[in-house]
Structure formats: structure tokens, C-alpha cells
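Student: Would you mind keeping the following structure in view while I ask a few things?
Please treat every number below as a calculation from the coordinates, not as lab data. Values in this document were obtained by computation on a predicted structure and should not be read as measured data.
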């Protein structure tokens, strides 16, 4: 079971909203909107996507990582490495 199951409805709302905003970006390009205005919207969408990550990471750590730590051994090590890699990817994005 996914660690975010309790907040799934909120998590699914954000990408849907962002998806609509990305379609708005497409319309801006199609209608020859000024470049800087498009870039401003791209930056806003990027930040909106990045805002999803901390909540998912928190849910992962409080559910998946804690559960694996309770089991211990190789599973715990694998989940810890997985979380560390995810954090590294988020820091470099």
C-alpha cells in the first residue's frame, strides 16, 4: 500500500490543476504570447510541481521507511537507500 493513501485525493488534485495550467501554456505559445510571459508561467508550473515532492517524501518516510525499519535487514537498507536517492534527485532538480 502506498504511504500517501490517506492524502491521495489532495495529491491527485495538484497534478490535475498543473495539467490544466500546462495546457494554458500550450495555448499561450499557439497564440504567440510574449516570451517572458510564457517563461514566467513555466517557472510557476515548475514550482507547483516541486511543491508536491515534500509531502510525498514525508508520507514515504513516515509510512514506507518506518515500516521497513521495523522489518529491518536488507529491506530497511534498500528503503533507506531509495529515500536517499530520491532526496538527492530532488535537491538536484
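Student: Angle check, please: helix 35-59 long axis (alpha carbons) against the longest principal axis of the chain (alpha carbons), in degrees 0 to 90, nearest 10.
Tutor: 20 degrees
Student: If you fit an axis through the alpha-carbon atoms of helix 8-30 and take the longest principal axis of the Cα set of the chain, what angle between them do you get, 0 to 90°, nearest 10?
Tutor: On a 0 to 90 degree scale, this one is about 30.
Student: Considering all projection directions equally, how large on average is the shadow of the alpha-carbon convex hull of the chain, in square nanometres? Intermediate values should be presented prior to the final figure.
Tutor: On the way: hull surface 27.9 nm².
Quarter of the Cα hull surface area: 7.0 nm².
Student: Something else: If each DSSP helix of 4+ residues adds -39,500 (n - 2.57) and the sum is divided by the residues in the chain, what number results at 222 nm, nearest 500 deg cm²/dmol?
Tutor: Details: 4 runs with 73 residues, N = 93.
After summing the helix terms and dividing by residue count, I get -26500 deg cm²/dmol.
Student: Calculate the length of the line joining the C-alpha centroid of the range 50-90 to that of the range 14-43, in whole Å.
Tutor: So the separation of the two Cα centres works out to 32 Å.
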